[in-house]
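All remarks here apply to the structure that follows.
The values are calculated or read from the model by the stated rules, or taken from the named source; none is laboratory data. Note that the structure is predicted; figures quoted are calculated from it, not measured. We place every Cβ from the backbone using ideal geometry, glycine too, and count neighbours over all the protein chains shown.
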Amino acid sequence: MAGSGTAHLRQPSETLLRIQNLVVDFPAGRGKKVSAVSNVSFDIASGETLGLVGESGCGKSTTGKAIMQLPRPTRGEVTLDGTDLCSLRGEQLRNTRPRLQMIFQDPISSLNPRRTVMQIVEEPLNIWNIGTPEERRLKVEEVLSAVGIDPEAAAERKPHEFSGGQCQRISIARAVITEPSVIICDEPVSALDVSVQAQILNLLEDMKARYGLTLVFIAHDLAVVKNVSDRVAVMYLGKMCEIGNPDALYAAPAHPYTRALLAAIPLPDPNASLDTEHHLEGDLPSPISPPSGCRFRTRCPLAQDICAQVEPQMQHVTGDQYVACHFPLQAVSEVPVALTQ
Amino acid sequence: MSVQTPISGLPTPSGTPGAPKLLEVRDIVTRFTTDRGSLTAVNGVSLSLERGRTLGVVGESGSGKSVLSRSIMGLLPRSNTERSGQVIFEGKEISGLNDTEYRELWGDEMAMIFQDPMTALNPVMKIGLQITESLRFHLNMSKSDAKDTAVALLKAVKIPEPEKRFSSYPHEMSGGMRQRVVIAVALACGPKLLFADEPTTALDVTVQAQILDLLAEQQRERYMGMILVTHDLGVVAGRADEIAVMYAGQIVEQAPTALLFSEMKMPYTEALMSAIPKLTDASHTRLAAIGGRPPDLVNPPKGCAFSPRCPYVQPRCHEESPTLTPSPTAPEHLFACFYPIGSPETEEVRLRIAAQRLMATAPEFVAAPANTPTPAQQSPVPAPPEQTEGM
């Protein structure tokens, strides 16, 4: 549970973005450090959506930011199309920026309140000196229409005149305008109502098809993640627990933490019995002094002595499902050693 | 777990037949004066609640669900607010009270749990003091008694090491822990009526499940009436006895939970339900979003407030507003709709939408080479692009 390993990685030639042994530490004063992300590896094929799920504090947002090199990871590799972003400096790194974009959780605070929608969405083009002013204006209009905002009415208005859902549409327009290959969506619908959430999720699917995007979708809502993802990675306290195709993963979770997350979802059905048996007790342990061995062991109903001593490695379950657990809920096969380092 | 906290002021369970209801709200209207004119946030809501029961109030942002609970509790500012209607708490009219009289009720008789545990607590006050404050004020406890009670409360809301936490500041605790403290503050004086205004929206799923379990347990033990306000039908489905769905300041459907989910009548409830991504659906299932936006409450649309977004809209809906009336088959099921789900008009539209969807997603299966749009598809009834699918 909550372990390391790279058994689940595919061949580098099949993937667009590959994250290997990513470590992000933050100084916590007095020589201590917060280990926010610890030895996380995953990869994403072109056109795929990877869902990253976990509780607050599990390092999912930090992972997203580390891919963007904001801040730079402490160790590890982030390879985009064969280039290791962690080894780039200055202008070289800056030149990769238009290929990686980000959408944030709070749509209202991620837009500059003193600028008009036109200025906000056009800014990336200005920075990169793309096109003539007229071409830029047409591009902004095209992108705004694509996200369902009427450019005529909206261009000269400021973010406060729009609802949360509309602001998120504007953020998406700003993210797609440089025609990036990867967009990192950091909890893009957590601040929205269900009805608006459905609109934005549908919009992301449309944008993905229209602009050929690859998405990293970070969220804590498993149902939302399942809806958008081709692959789901479950994180706990800076470690990866389980990764796999959402349909298989949700039907037969192999990690006790995934099962607990699934049990916690309130179902909109009064006849569904509440699965209180698998509800987690307690809070996330401190990432300053994480538990030894498997980091999930302090809250795990199946924990044994070995969990405190040995950190579990990624093991193959079935299909593309992999789990890092000493006592997985599904049978695992031996690790194909080919890709481990 | 059955920790019964030793609260001396905890009233014994009432609820004898013939006793007045815990809460009765009649035709409450709340208007705010804004620069653009008068905004009707709550428009003629009536409801009642017994002790020990939970009423779920569900709706989108701006549906008036939070203003409703604040109106009942008397928490709204007086300066730009206009209120009418009756709020009867244990047989006594409370809507005309002044602030001093309200203070006697707040905390003691009714309490509220707010959405954001980060801002609901005073950041420069130790949490112990925030809990004992109301104990000392309402129950005139001595300092040491209040401390003992507060520690017992912290224990009841399952905060580890309650004695130590008593002198912590809010910033030293996680969001879930802070929400537990907020609940402890609300429960301190043993209120009979508890408002929980989106108590878990700011929290993670695992913590949400813990907090909802905790609220249900405390409500049972203390025999409180609870009004659980949320935008998530999933949160109320397993926890509320009765659900009221609000839209544009009005209750549009109200029924016991099981009945509401099995026989939805109001198209809005159905739309809200279909918009939720479901775990049982395969990934990349297109969600049935509700097109458009909630109405402007300064200039509400003519007729039914949901008519501009309703997939089943008929000409009559744009002209007259439906009132909340009991269902002919089940009098406890109230809804405000001329053409509820299951009526011939909605069934016709439903079939048409299904045909349109099939056309859009898999035209090869529709084996009509010419005249593919059937006459029904060309009918003048406008159908918004994002439609609800059959449920």
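Looking at the structure I just gave you, is B:Arg220 modelled with pLDDT under 95, surrounded by fewer than 24 Cβ atoms within 10 Å (Cβ to Cβ) and not in a helix (DSSP H, G or I)?
Answer is no for this residue.
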### Query
Filter the range A:200-217 for residues that are assigned to a helix (DSSP H, G or I) and touching an Asp or Glu at 6+ places or on another chain (Cβ under 8 Å); which is farthest from the other protein chains (Cβ to nearest Cβ)?
A:Tyr211
### Query
Out of the residues in the range B:180-198 that are within 15 Å of the chain's Cα centre (by Cα) and not in a loop (DSSP other than H, G, I, E, B), which is surrounded by the fewest Cβ atoms within 10 Å (Cβ to Cβ)?
B:Leu193
### Query
Within the range A:237-283, how many residues turn out to be of a type in the set (Val, Ile, Thr), without any contact (Cβ under 8 Å) to a residue 24 or more places away in the chain and crowded, with 17+ Cβ neighbours inside 10 Å?
0
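Suppose we filter the range A:16-43 for residues that are touching a residue at least 40 places away in the same chain (Cβ under 8 Å) and either within 29 Å of B:Leu203 (Cα to Cα) or not in a strand (DSSP E or B) (or both); how many remain?
Summing the residues that are touching a residue at least 40 places away in the same chain (Cβ under 8 Å) and either within 29 Å of B:Leu203 (Cα to Cα) or not in a strand (DSSP E or B) (or both) in the range A:16-43 gives 18.
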#### Entry: From the options A:Gln105, A:Gln197, A:Gln101, residue that is in contact with a strand residue (DSSP E or B) (Cβ under 9 Å, 6 or more places away or on another chain), under 30 Å from B:Thr201 (Cβ atoms) and either within 13 Å of chain B (Cβ to nearest Cβ) or assigned to a loop (DSSP other than H, G, I, E, B) (or both)
A:Gln105
### Task
Check off (1) outside any strand (DSSP E or B); (2) more than 12 Å from the chain's Cα centre (by Cα) for B:Val252 and give me the number that stays unchecked.
(1)
### Query
Out of curiosity, is A:Thr63 modelled with pLDDT under 90 and not in a strand (DSSP E or B)?
no
### Message
So A:His220 ticks every box in (1) within 8 Å of another protein chain (Cβ to nearest Cβ); (2) crowded, with 22+ Cβ neighbours inside 10 Å; (3) more than 29 Å from A:Arg75 (Cα to Cα); (4) not small (Gly, Ala, Ser) but one. Which box is left unticked?
### Response
(3)
### Query
Among all residue pairs at least 6 apart or on different chains, which show Cβ distances below 6 Å where the first residue, located in the range B:185-206, is more than 12 Å from chain A (Cβ to nearest Cβ) and the second is assigned to a loop (DSSP other than H, G, I, E, B) and of a type in the set (Val, Ile, Thr)?
B:Gly190/B:Ile7
### Message
Consider the range A:223-244. How many of its residues are more than 8 Å from every other protein chain (Cβ to nearest Cβ) and either in a loop (DSSP other than H, G, I, E, B) or small (Gly, Ala, Ser) (or both)?
### Response
4
### Task
Taking A:Ile184 as meeting all but one of (1) under 26 Å from A:Leu80 (Cβ atoms); (2) outside any strand (DSSP E or B), write down the number of the exception.
(2)
### Message
Being in contact with a Gly (Cβ under 8 Å, 6 or more places away or on another chain) and in a loop (DSSP other than H, G, I, E, B) is the filter here; which residues of the range B:93-107 pass it?
### Response
B:Ile94, B:Ser95, B:Leu97
### Query
Any idea how many residues of the range B:319-347 are over 30 Å from B:Ser48 (Cα atoms) and surrounded by 14 or more Cβ atoms within 10 Å (Cβ to Cβ)?
3
### Query
Any idea which of (1) over 26 Å from B:Met73 (Cβ atoms); (2) at pLDDT 90 or above is the one B:Glu161 doesn't satisfy?
(2)
### Query
For the subset of the range A:153-178 comprising residues that are in contact with a Lys or Arg (Cβ under 9 Å, 6 or more places away or on another chain) and free of Cβ contacts under 8 Å to residues at least 60 places away in the same chain, which member is nearest to A:Asn95 (Cα to Cα)?
A:Ile177
### Task
Go through the range B:260-277 and count every residue that is more than 20 Å from A:Asn202 (Cα to Cα), part of a helix (DSSP H, G or I) and over 17 Å from the mean Cα position of the chain (by Cα).
2
### Summary
Note on the range A:108-123: residues touching a residue at least 40 places away in the same chain (Cβ under 8 Å) and either β-branched (Val, Ile, Thr) or in a loop (DSSP other than H, G, I, E, B) (or both) are A:Ile108, A:Ser110, A:Leu111, A:Asn112, A:Pro113, A:Arg114, A:Arg115, A:Thr116, A:Val117, A:Ile120, A:Val121
### Query
When residues of the range A:284-320 are filtered for being touching a residue at least 24 places away in the same chain (Cβ under 8 Å), outside any loop (DSSP other than H, G, I, E, B) and farther than 22 Å from A:Ser56 by Cβ, how many remain?
5
### Query
Restricting attention to the range A:21-35, which residues are buried (at least 21 other Cβ atoms within 10 Å of the Cβ) and within 23 Å of A:Gln315 (Cα to Cα)?
A:Leu22
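Residues of the range B:288-311 being part of a loop (DSSP other than H, G, I, E, B), within 14 Å of chain A (Cβ to nearest Cβ) and free of Cβ contacts under 8 Å to residues at least 60 places away in the same chain, which ones?
Within the range B:288-311, B:Arg293, B:Pro295, B:Asp296, B:Phe306, B:Cys310 meet the criteria.
With respect to B:Thr201, is the statement that it is over 17 Å from B:Phe335 (Cβ atoms) and buried (at least 24 other Cβ atoms within 10 Å of the Cβ) true?
no
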### Query
Filtering the range A:166-184 down to residues that are under 20 Å from the mean Cα position of the chain (by Cα) and within 14 Å of chain B (Cβ to nearest Cβ), which residue is nearest to A:Arg136 (Cα to Cα)?
A:Arg169
## Note on the structure
Those residues of the range B:275-287 that are crowded, with 24+ Cβ neighbours inside 10 Å and more than 7 Å from chain A (Cβ to nearest Cβ) come to a total of 0
### Query
Got at least one residue in the range A:41-54 being under 14 Å from the mean Cα position of the chain (by Cα) and modelled with pLDDT under 90?
yes
### Query
Does at least one position in the range B:223-236 carry a residue that is farther than 20 Å from B:Ser66 by Cβ and either within 13 Å of another protein chain (Cβ to nearest Cβ) or of a type in the set (D, E, K, R) (or both)?
no
